[in-house]
Structure formats: C-alpha cells, structure tokens
Amino acid sequence: MSRVLPQDARLRRSGGGLHLAAGAGTRHGRARRRPRDVDLFRELAALHRTRHSTLRHGSDAALSHHTDRLVELEADYLRRFPDREIDPERLRSGARAR
C-alpha cells in the first residue's frame, strides 16, 4: 500500500533505518542530505521492488513522488559510479551475439 507523502519530505535516521520526515526537503531551498552508499543501494532496491505496485495501484501523487525519488536516487548513483560495470550482454552487440 502506498502512502501519499508531501513533496518536501526528506529522510531522517531513526532506529537504524532511514525514514521520511516531513517539512525539510528541497522545496524551500534546503538540500537533502546525501545518503551513504549502503543507504543509497538499499533505497534504490526498495524503490525498484515497489515500482510495479505503485504504478498499478498508487494514487497520482504517490506515483509522482515515487518517480521523482527514483529519478533522484538513480541520478545520484550515476554521479557516484560513472565507471560502473556494464554487462556486455546488455549492449546491442551482446544481444546480437545471442
């Protein structure tokens, strides 16, 4: 089940995990904190796990928030790991070789 969250929500640390906290996002000029690599991977995995359900059953606001957060975290990942491993099978030449 998706929760509709305000656009100015941000992550806060509590009890060993990351949680959304209202009232402190980028909407009013305050930047989000940059999550550690392990937190980034965990958040991306959670968003990818819940994407299909949010797309099919979430409200417009929930889907919009999910999309914005996914784009933000994926961009952060690409900035941090520009030389990430590329699976040759995921390239056109690799697909053609199959």
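Among the residues of segment 53-98, those that are hydroxyl-bearing (S, T, Y), under 26 Å from R34 (Cα atoms) and in contact (Cβ under 8 Å) with a residue 12 or more places away in the chain comprise T54, Y77. The helices (runs of 4 or more DSSP H) falling completely within the chain that include 3 or more residues that are modelled with pLDDT under 90 map to 92-97.
The values are calculated or read from the model by the stated rules, or taken from the named source; none is laboratory data. Computed from a predicted structure; not experimentally measured. Cβ coordinates were reconstructed from backbone atoms using ideal geometry, including for glycine residues, and neighbour counts include every protein chain displayed.
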